[in-house]
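Taking it in order: structure first as structure tokens, then the write-up.
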Amino acid sequence: MGGYCPHPSSENELDHDVGDWWTLLTDSFQLLLSHPKAVLQGFGLAVAASVLMWAGIRYMQRLAYRKQARKRSLEAAERRIEFLKLARAGTSPAAIKAIQGSPEELRKGLRDGVWSVSQVVCAALTLSLQSSEDGDNSVCDVFPDCLERAEALDKKRKAGEPLGPLFGIPFSVKENYHYAGLDATAGIQKRAGIPVSTTSPILQALIDQDGVPIVRTNLPQTMLTFECSNPIYGETNNPHRKGRCCGGSSGGEAVLHARCAVPFGLGGDIGGSIRIPAHYCGTCGFKPTSGRVSRRYAMNTCPGQTQIIPTGGPMAPTVDGLVMAMRHICSDFMFNLDSSVPRMPFNEEMFGGKNRMRIGYFKYPEGETTATGTSTGQPLCLAIGQGRARSLFP
């Protein structure tokens with residue numbers, strides 16, 4: 001019995017096919033030898049056409065990205081204006097004073113019904129958006145469901161239902177944290193207008209405790225600098241002097257907290273992105289040890305990092321705000337959402353302890369110079385290795 005064979009049925013056919021290919025190859029080689037200039041010119045034209053086509057495609061892509069980024073920027077600006085009008089109509093001087101006061105007193109007042117969640121959220125929105133509109137440009141966008149969430153929490157308290165630990169506390173969020181239904185661009189035009197489908201565990205943990213995220217704050221493009229400017233949302237200015245840098249990459253957060261617009265917010269740090277803007281703006285920031293809090297679904301522009309790992313962390317107008325944030329971030333709410341985070345809750349015993357803490361510092365030996373010729377002394381690691389560093393004081 002026979003069957004289909006994809007190969008030539010005879011040696012003559014195989015020899016004929018090989019001969020055709022060989023003839024084509026030799027003819028092409030002879031053409032190249034007889035007319036080398038024409039062949040090279042044709043090859044050059046083909047290469048030039050390919051390069052021009054590639055450049056044209058890239059140019060059209062960049063135009064499309066810019067158009068999408070412009071559209072996203074206008075949508076965010078319109079939403080900021082809309083929510084500022086709504087917030088002004090629903091706020092009160094007492095609620096604004098409460099926002100700018102003690103975070104713990106605000107929490108107690110919300111639970112006791114001294115202020116409604118809607119009043120407090122409107123006050124925080126008014127302070128945040130007014131600060132941004134005055135020229136700080138700290139806010140990228142508003143969480144579109146923040147007022148609805150506040151109303152739902154007010155109904156929850158009136159119904160006598162159990163209240164979450166962060167009941168009604170408004171807070172801000174750095175723009176790179178994922179929130180389902182919104183984009184997370186890190187200032188990159190290509191990512192504008194592309195909504196994500198998941199919410200970051202650290203953000204979701206605060207929401208699950210009845211916290212209310214209200215605004216998303218500005219950051220530099222790619223988050224790899226200590227300034228705060230990107231082609232989508234523009235440049236954020238120092239709150240104390242316009243035209244000066246506010247620091248980065250969590251610059252929008254620091255500016256907002258310098259205005260005491262929210263009790264705390266979420267930033268991120270790898271090489272100073274929380275600490276630098278907090279220093280520039282005169283606010284407070286804390287970088288937890290990498291891995292201490294969840295970093296899932298917080299956009300990272302350098303995937304695959306294994307040595308120097310970024311981390312999320314709180315920023316606030318006061319240390320009390322940092323404590324409130326860390327106390328509720330490091331909780332079962334976050335641990336249950338991200339199993340990669342070690343279950344190490346906030347250490348209340350150590351925080352409330354009366355033992356004096358020991359703070360490490362370094363003092364360079366006098367009269368020594370570094371390789372750069374400065375008079376700051378030898379590097380810290382070398383001095384410690386030689387036993388000459390004064391590292392602790394009681």
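Remarks
- Note on region 42-70: residues that are within 30 Å of Y233 (Cα to Cα) and aliphatic (A, V, I, L, M) amount to 6.
- Condition check for K71: surrounded by fewer than 13 Cβ atoms within 10 Å (Cβ to Cβ) and either more than 23 Å from the chain's Cα centre (by Cα) or modelled with pLDDT of 90 or more (or both): yes
- Single unsatisfied condition, G271 versus (1) under 13 Å from the mean Cα position of the chain (by Cα); (2) in a loop (DSSP other than H, G, I, E, B); (3) surrounded by fewer than 24 Cβ atoms within 10 Å (Cβ to Cβ): (1)
- Each residue in region 274-286 was checked for being within 19 Å of the chain's Cα centre (by Cα) and over 10 Å from M315 (Cβ atoms), and 3 pass.
- Residue within region 314-329 that is exposed (fewer than 13 other Cβ atoms within 10 Å of the Cβ), in contact with a Gly (Cβ under 8 Å, 6 or more places away or on another chain) and either over 26 Å from R244 (Cα atoms) or of a type in the set (S, T, N, Q) (or both) present: no
- Selection status of T311, without any contact (Cβ under 8 Å) to a residue 24 or more places away in the chain, hydroxyl-bearing (S, T, Y) and within 24 Å of I276 (Cβ to Cβ): no
- Members of region 274-288 that are in a loop (DSSP other than H, G, I, E, B), touching a residue at least 40 places away in the same chain (Cβ under 8 Å) and in contact with a helix residue (DSSP H, G or I) (Cβ under 7 Å, 6 or more places away or on another chain): G282, F286
- Residue satisfying condition, being surrounded by 21 or more Cβ atoms within 10 Å (Cβ to Cβ), under 20 Å from M315 (Cβ atoms), at pLDDT below 95 and touching a strand residue (DSSP E or B) at 6+ places or on another chain (Cβ under 9 Å), within set S132, S128: S132
The values are calculated or read from the model by the stated rules, or taken from the named source; none is laboratory data. Treat the numbers as computed from the prediction; the structure is a model and nothing was measured. Glycine also receives a Cβ, built like all others from the backbone with ideal geometry; neighbour counts cover every protein chain displayed.
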